[in-house]
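Undergrad: Starting off with a structure, shown below.
Readers should treat all values here as calculations from the given coordinates under stated rules, not as data from a laboratory. Source: prediction; values computed, not measured. Using ideal geometry, Cβ is built from the backbone for each residue, glycine included, and neighbour counts are taken over all protein chains shown.
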Amino acid sequence: MAVKMIVQSKPEPKHPVAVKGTREGLVFLLDEHCAYEDLYRCLTDLLTGESAGLFNGPQVAVSVDYGDRALTPEQARALLGVFLARENFVVREWGGHTAARKALYGQRPSARAQNQFIHKGTVRAGQDLYFDGDVVVVGDVNPGGQVSAAGDIYVFGRLRGIAHAGIHGDERAIIAAAEFAPTQVRIASVVGWAPESAGERMSTFMEFAYLTADGMAVDKMQYAAVLRQAGPGTADGPGSAGASAGEGG
């Protein structure tokens, strides 16, 4: 008696990096569930390995979206660095649930998600970097340097100068940094400073400042996504470990 064998082919595993072409340029969708090490390896293979030649050519606008993945500042800087290393890539947008991603799937992007500026390098004393949207600094903000944004400010380096987010009154804006030791931070009209010890500013790592119903607070970066879901003015902040920043008028 003949035995009939049914062979079911296994589905191809999902690649951690999906690339979509649009009228504006390229959209890179980074898988939010796979291990970070797998994501980084696949991305570097794609953009620097045998397939890298596929992306050669004239300058092209690039949007990078990592969905709900919680990246540390070091991980974010490493991933962003892979894109910035390509001379013909002009990174226009970086973040989770970007305007480019929403446009791909027919969703209307929010006004605050449509503008983002990425500054590669140090903001030095005497420099004032301003953008009418979100600002991403891949580098340090030195004492005497200032970053101002209508939206959020992200510093993948040391924030030791002045940062003013939500300059038009957006109280949902946040200020995040890999090393958080600002001379002054301001969100909308609320001003704060890093805590001091023995007369010197204390440095904290991978933290962000945001507004609650009681004023300005500082918390770990892992709670930033929770804050976005909870909305502005959450009385106790997103994490129980939240520490209030010094405030002034």
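Undergrad: For THR122, enumerate residues with amide H under 5 Å from its amide H, sequence gap 5+ or separate chain, H modeled in the peptide plane.
TA: ASP140
Undergrad: What is the percent of Cα-Cα separations in the range 45-154 that go past 22 Å?
TA: That tail contains 39 percent of the Cα-Cα pairs.
Undergrad: Next question, about the same structure. Show me the ranking of peptides 78-91, 143-156 by mean Cβ neighbours inside 10 Å, starting with the highest.
TA: 143-156, 78-91
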